[in-house]
Amino acid sequence: MFVSKTYLSCALGLLLPIFATQASAVNSDTVAFSDTTREAQDLSSVEFLQLLHVTNQAEIKMGSLIIQRAGQDEKLLRYGQAMVRDHSLADDLVKAAAKEKGVSLDTPAFLSNVAILQQDLNNSFDVLESTGDIDFRATLAPMAVQGHQNTLNLVIRAESEISDLRVRALAYLNEPVIREHLRLAEGL
């Protein structure tokens, strides 16, 4: 599945007015948040952007490893290429949204969900990297399925919980790509 930057930008442009319409339909009592509530919602958006960034970076790294180790396996090569291409495009959008919100993606707090995810992904990469060629696909497949299922769960959660329209739009834009990667992973 090839997803271009133009497509993602257009889709984001189309989704934002829909979310704006939905937000304006909410009555004014619901929209009036206290500063404390607003900070908590911003943290949810921040955490989602950081989690998605860490995931995209790990998938790009994993995709590069898959490309290197694919050998003559065209299915594995195409999967690795899709991972690098699609997660690079997705991460460009995450970085743009983070920049717009003034969010740092580089330094997750120690023992935060983001730091824990980053460590788990690094451990998975290390296991896969040290796996011999014969066992590579057998080791990769369940990792890829579980990783994309976890990311899909995160995105679905963000679609319903995040109030920031741009960040929520990112979740909606990422869902079909993640579903496609999950489908491909299940076929490995």
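The values are calculated or read from the model by the stated rules, or taken from the named source; none is laboratory data. Only a predicted model underlies this, so the values are computations on that prediction, with no experimental measurement involved. Reconstructed Cβ throughout: ideal geometry from the backbone, glycine too, with neighbour counts over all protein chains shown. Quick note on the areas: whole protein, heavy atoms, side chains included, nothing else; ligands and nucleic acids left out. Shrake-Rupley method; radii C 1.70, N 1.55, O 1.52, S 1.80 Å.
What do you reckon, how do ARG85, ARG183 stack up by accessible area (1.4 Å probe), largest on top?
Accessible-area ranking of ARG85, ARG183, largest first: ARG183, ARG85.
Extending 7 Å from the Cα toward the beta-carbon at both SER160 and ASP133 defines two label points whose distance is 4.7 nm. Phi angles of the range 51-56 translate, via the Karplus equation with coefficients 6.51, -1.76, 1.60 and θ = phi - 60°, into HN-Hα couplings of 5, 5, 5, 4, 5, 4 Hz per residue; Gly and Pro are given as x. Close amide H partners of VAL103, meaning residues 5 or more places away or on another chain with modelled amide H under 5 Å apart, do not exist here. Length available on full extension from ARG78 to LYS95: 0.36 nm per residue minus the Cα-Cα distance, which gives 3.6 nm. Each residue of the range 153-163 was assigned a 3J(HN,Hα) from its phi angle through the Karplus expression (A = 6.51, B = -1.76, C = 1.60, θ = phi - 60°), giving 4, 4, 5, 4, 4, 5, 4, 9, 9, 8, 8 Hz with x at Gly and Pro. Distance from the Cα centroid of the range 45-98 to that of the range 136-169 is 12 Å (rounded to whole angstrom).
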